[in-house]
Protein chains: 2
Amino acid sequence: MADQLSADEKFNLVTRNLQEVLGEEKLKQVLQERELKVYWGTATTGKPHVAYFVPMSKIADFLKAGCEVTILFADLHAFLDNMKAPWELLELRVKYYEQVIKAMLESIGVPLEKLKFVKGTDYQLSREYTLDVYRLSSMVTEHDAKKAGAEVVKQVDHPLLSGLLYPGLQALDEEYLKVDAQFGGVDQRKIFTLAEKYLPSLGYAKRAHLMNPMVPGLTGAKMSSSEEESKIDLLDSKEDVKKKLKKAFCEPGNIQNNGVLSFVKYVLFPLRGEFCVKKDAKWGGDKIYTVFEEVEKDFAEEVVHPGDLKASVEVALNQLLEPIRKKFESPELRKLTNSAYPGPSKTKTGAKGAKGGGGGGDDELAPSRLDIRVGKIVKKIDMRGIESQAMLLCASIEGEPRRVEPLDPPDGSSPGDRVFVEGYEAGKADDRLNPKKKVWEKLQVDLMISDECVAQWTDKQLMTKLGQITCKTLKGGNIS
Amino acid sequence: MADQLSADEKFNLVTRNLQEVLGEEKLKQVLQERELKVYWGTATTGKPHVAYFVPMSKIADFLKAGCEVTILFADLHAFLDNMKAPWELLELRVKYYEQVIKAMLESIGVPLEKLKFVKGTDYQLSREYTLDVYRLSSMVTEHDAKKAGAEVVKQVDHPLLSGLLYPGLQALDEEYLKVDAQFGGVDQRKIFTLAEKYLPSLGYAKRAHLMNPMVPGLTGAKMSSSEEESKIDLLDSKEDVKKKLKKAFCEPGNIQNNGVLSFVKYVLFPLRGEFCVKKDAKWGGDKIYTVFEEVEKDFAEEVVHPGDLKASVEVALNQLLEPIRKKFESPELRKLTNSAYPGPSKTKTGAKGAKGGGGGGDDELAPSRLDIRVGKIVKKIDMRGIESQAMLLCASIEGEPRRVEPLDPPDGSSPGDRVFVEGYEAGKADDRLNPKKKVWEKLQVDLMISDECVAQWTDKQLMTKLGQITCKTLKGGNIS
């Protein structure tokens, strides 16, 4: 298809629906001569969910326009963001990302031949790259580095040095991935302008930058994959999709911050070129739109009602998800999913119930395998003659000074009361934890304090029979 | 000798004359079991001068106490400090440092078998080390990094990111050099405490720290090797030593900030165990002291006069320098000196005058080889048919924004007036500069704006017949 497009047509395809493009002229010039090379990076942390269809639709545009697309799995960034996760887990997550993103792209019917997957650590720890990181840090001021990261690096009271390094690394990636342009959300803008400013000082070419608008999530305003239950996972069942869509914010006639409408605009239209709104026959029956603005107008005028819109998106979304669910029914991919994201199995399409509720299978990481008690956690470890170790769970936030608080059980608790994770009440703790399996270490990774100061494991509350486990002030803290 | 010392005696030798020791107990414990491993690092920038005898005497103590001593040539730091210097020049400087430091140690008669020389880039760009730099930067706050570098990183209006990285690198060096302790000036204290705080978080042992006091320079208060003419170079002739010592600050009876007395205390006594004060026979003749405090007391009471002290130090210093001068008379080392520090030859003991005043020998880098004129610099380059290029010299300081100012010739100058470097008035510019020799690049490295806003090349002023070349405000700026 790309062969039949003119340079102008390719340019339009590459830039459509974007909020901003820096370096248009350069892009046009390259397109006169050869295909564009574009990169998009993602840190391999949380599980990709349906919001990833937004950048994927744009990547589909790039591929349709003949671009060579590189997808960077920023595993080094993921490691730095969450140093608690062992490398072995991060490796699995990179594999999961690759599989799921390929499945998404296959599902939306784009050719994969011009797509390249690269892992950050494949080159970001090389001598050459590292020297460039140092060279760059001898040119970039603290102030510039801070400014560049302001929108994407978590802003905290005691910012870490790593937050100042990320923007430079992302700039260097453009050179090391040998691309013409980097694609990302408009929240990356300041990193992009830092790259444009400093790459030439290192003797490297200034790259173009393609920026997607910030699109509200399908079921809420947040996009991050490390939050809320409400998000639709790529492997969610049809029932879950229906249930979650039902809760999505979508007021009659209100086209602002409407995640459902945005999904139609940024995913369904670019992919299909049309969208079918399901309506009961008595209201005129189904209607096929070929221009998004007409859907929007009809929704604004309440010709299309939230229920209709949601039902229509549900059908289209399930069409997108079905091939992904199918692919992930294979035993290898189910195993990969469970080991990359230990927790309640979300691939319920398969042997449903077999592992539900947190059984004790040696390979499954149910939090119920830990014998956590009020006043202590008992880690039963049979190593070097030490039969069991007990330790007190605390919340902590790294910084200067490191802040630590004990966890508070519900009022009226007695030492020894069993602590469980919501949904895993029934699980039985292992008699002993095999130290080689690192069960504690792997489960600990997902223990956190929520923004409401509640202790959680993968967004599920830690509880006793009397209620939640909390801490006083350390929102976002780790638990260990 | 070390074989005959008890652990206590070794400890006393290792720690004598130090201002502060962190981790004494650990040191004592190691000494009960085996020899200590200590490291000292130096960035391979300016030419080491006689002040380097201060750490060298301490290193002599370590070696006498049986320690395994590692000397780190921090070439990566040198590169980052002064990115204008090409690697090939830095390589030469590392070689020069190694030769001159070995010569110093030989001169003070210490065994070199337990001494190891390591170059920073031998391991600081490795995958493993780099990952640790990132891990560390995910634990160290910006605030801690800044605080740690406060006394050693140049404090400027627009601090660079690299300044925040140095302290962490220096901490990691302790682990990668596998030492028990790091030695340095007490100005390194905050870096040392950062290392003590964070190495354990990476799973590495906390090291001990040995801190020398800040010793005033022999001929002035400043210690940095990148400054003033007054400093005594290790290869200075006897006449130069006499001349420079004559100018040294040394008031009768004043024992504060007295660099000459400090040299006796921190270099001559530790090395010799005694010091001979030369006095005219009519004032009682020479007196041999075996305790420094007595020299100090006699000086305070004006029993010993500045002239006597200087003359006595001159004798002792020349004894230390003589073997170094001798060693550097070899053609290889003279060549190394000239190529590592292109500039007026300081090894005047050899073929004196042959290259004096900046001749045009193709391998010598006299600044007079450049045809610099008011209003322009003419770089005659015969490459790709372009016969000559002219460019305007400007002062600049990197930062946000980069600040640039043109250089100002003396009042009354006319375009085309010849600009020369003080001391090189007589030199003749090359007809053409061989581009492969990078004459301009190598000379440019040492072009700087002084703290008085005067343009300099290796501390010598850039002038026309009418006076100095200056700029308005960019103190410490580069010239290019």
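The values are calculated or read from the model by the stated rules, or taken from the named source; none is laboratory data. It should be emphasised that the depicted structure is a prediction, and the values quoted were computed from it without experimental measurement. Neighbour counts run over all protein chains shown; Cβ positions are idealised from the backbone, glycine included. Protein only, heavy atoms only, side chains kept; ligands, DNA and RNA dropped before computing areas. Shrake-Rupley method; radii C 1.70, N 1.55, O 1.52, S 1.80 Å.
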Of A:Leu271, A:Ser339, A:Tyr289, whose Cα points farthest to the positive end of the dipole of segment A:261-342 (charges on the beta-carbon: +1 Lys, Arg; -1 Asp, Glu; origin at the Cα centre)?
-> A:Ser339
The relative contact order of segment A:135-216, taking Cα pairs under 8 Å that sit 6 or more residues apart, comes to a percentage of 33 percent
With each pseudo-label sitting 7 Å past Cα toward Cβ, what's the A:His143-B:Ser201 distance in nm, one decimal?
-> 2.7 nm
Segment B:85-193: relative contact order as a whole-number percent, Cα under 8 Å and 6+ apart | 23 percent
Between copies, how far does the label point of A:Arg403 sit from its twins, in nm, shortest first, when each point is 7 Å from Cα along Cα→Cβ?
-> 3.8
Modelled label reach - B:Arg403, point 7 Å along Cα→Cβ, segment A:112-147 residues with backbone N closer than 20 Å = A:138-145
With every protein chain present, what accessible area does A:Val315 have (1.4 Å probe, heavy atoms only), rounded to the nearest 10 Å²?
-> 60 Å²
With a ≥ b ≥ c taken as the square roots of the eigenvalues of the C-alpha gyration tensor of segment A:238-312, please select rounded if a/c is under 1.5 and otherwise prolate if a/b is larger than b/c or oblate if it is not?
-> rounded
What residue of chain A has the nearest C-beta to the axis that moves A onto B, and what is that distance in Å, given as a whole number?
-> A:Thr130, 2
Rounded to the nearest Å, the spacing of the alpha-carbon centers of segment A:27-51 and segment A:261-296 is 27 Å
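For segment A:1-153, what is the relative contact order in percent, using Cα pairs closer than 8 Å and at least 6 residues apart in sequence?
RCO, segment A:1-153: 24 percent.
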If you take the square roots of the eigenvalues of the alpha-carbon gyration tensor of segment A:52-119 and sort them as a ≥ b ≥ c, do you get rounded (a/c under 1.5), prolate (a/b over b/c) or oblate?
-> prolate
With every protein chain present, what accessible area does A:Lys231 have (1.4 Å probe, heavy atoms only), rounded to the nearest 10 Å²?
-> 20 Å²
Calculated FRET efficiency for the pair B:Asn12/B:Lys327, C-beta based, R₀ 30 Å, to 0.05 | 0.40
In nm, one decimal, shortest first: how far is the label point of B:Gln4 (7 Å from Cα along Cα to beta carbon) from the matching points in the other copies?
-> 9.6
Translational D (Stokes-Einstein, µm²/s) of segment A:90-243 at 20 °C and 1.002 mPa s when Rh comes from the Kirkwood sum over C-alpha pairs?
-> 120 µm²/s
For the pair B:Glu274 and B:Leu112, what calculated FRET efficiency results from E = 1/(1 + (r/R0)^6), where r is the Cβ-Cβ distance and R0 = 35 Å, to the nearest 0.05?
-> 0.90
Count neighbours as other Cβ atoms within 10 Å of each site's Cβ, and list the trypsin sites (Lys or Arg not before Pro) in segment A:124-189 that are DSSP loop with at most 14 such neighbours.
-> A:Lys154, A:Lys178
Got a number for the accessible area of B:Ser413? Probe 1.4 Å, square angstrom, nearest 10.
-> 30 Å²
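Less than 10 Å Cβ to Cβ from A:Thr473, Lys/Arg counted +1 and Asp/Glu -1: what total charge do the surrounding residues give?
+2
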Compute the Cα gyration tensor for segment B:77-173, then decide on rounded, prolate or oblate, letting a ≥ b ≥ c be the square roots of its eigenvalues: rounded whenever a/c is under 1.5, prolate when a/b is larger than b/c in the other cases, and oblate in all that remain.
-> prolate
Ordered by number, the GluC sites (Glu not before Pro) in segment A:102-193 that occupy a DSSP loop and have at most 15 other Cβ atoms within 10 Å are A:Glu113, A:Glu151
Trypsin sites (Lys or Arg not before Pro), restricted to segment A:18-100: which are DSSP loop and have at most 12 other Cβ atoms within 10 Å?
-> A:Arg34
If labels are modelled 7 Å from Cα along the Cβ direction, B:Lys102 lies from its partners in the other copies at nm distances, smallest first, of 5.5
If you take the beta carbon distance between B:Ile288 and B:Lys28 as r and set R0 to 25 Å, what does 1/(1 + (r/R0)^6) give as a FRET efficiency, to the nearest 0.05?
-> 0.15
